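What follows is a single structure, written as structure tokens, with notes after it.
The values are calculated or read from the model by the stated rules, or taken from the named source; none is laboratory data. Note that the structure is predicted; figures quoted are calculated from it, not measured. Glycine gets a Cβ as well: all are built from the backbone with ideal geometry, and neighbour counts include every protein chain shown.
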Amino acid sequence: MVKELLSKDDVDAVIVLGSIVKETSLEEYIFSQLMEKLMDLSLEFGKPVSLGVPGPGIYWSDVVREAGAEAYARMAVEAAVKMVKRMETLQSAKPSTYPLEVK
């Protein structure tokens, strides 16, 4: 689903929402695989993928009580918007006329 969205010209970023809760025995593995795949897709399509997924290592009841699921979603949306704006700024910037020097 994320790959399909990223392939569309009218999609600037994708936001992934969900949770990986402590009750899952493979929580760290699942989280690392999720992060790796989303980073790969972001690089492949040159578009931001923002993550609103609490975990691993927390209980869902703690997330809801402390921050609320809406807070994670809001932070993910804000991060995606900032990334899109920065990418637009970088893409519209004029290249430097000074040669790069590596020492």
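Entry remark, the range 37-50: residues being closer than 18 Å to Ala76 by Cβ and either in a helix (DSSP H, G or I) or of a type in the set (Gly, Ala, Ser) (or both) number 7 in total.
Scanning for something modelled with pLDDT under 75 and on the phi > 0 side of the Ramachandran plot, does the range 66-73 turn up at least one residue? Looking through the range 66-73, at least one residue is modelled with pLDDT under 75 and on the phi > 0 side of the Ramachandran plot. Within the range 22-48, the set of residues being touching a Ser or Thr at 6+ places or on another chain (Cβ under 9 Å) and modelled with pLDDT under 90 comprises Ile30 only.
Residue-by-condition table, conditions (1) surrounded by 13 or more Cβ atoms within 10 Å (Cβ to Cβ); (2) under 10 Å from the mean Cα position of the chain (by Cα):
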residue: Lys8; (1), (2): no, no
residue: Ile15; (1), (2): yes, yes
residue: Ile20; (1), (2): yes, no
residue: Leu26; (1), (2): no, no
residue: Phe31; (1), (2): yes, no
residue: Leu34; (1), (2): yes, no
residue: Lys37; (1), (2): yes, no
residue: Glu44; (1), (2): no, no
residue: Pro48; (1), (2): yes, yes
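Evaluating Tyr98 against the criteria (1) aromatic (Phe, Trp, Tyr); (2) modelled with pLDDT of 75 or more; (3) exposed (fewer than 14 other Cβ atoms within 10 Å of the Cβ) leaves one unmet condition, (2).
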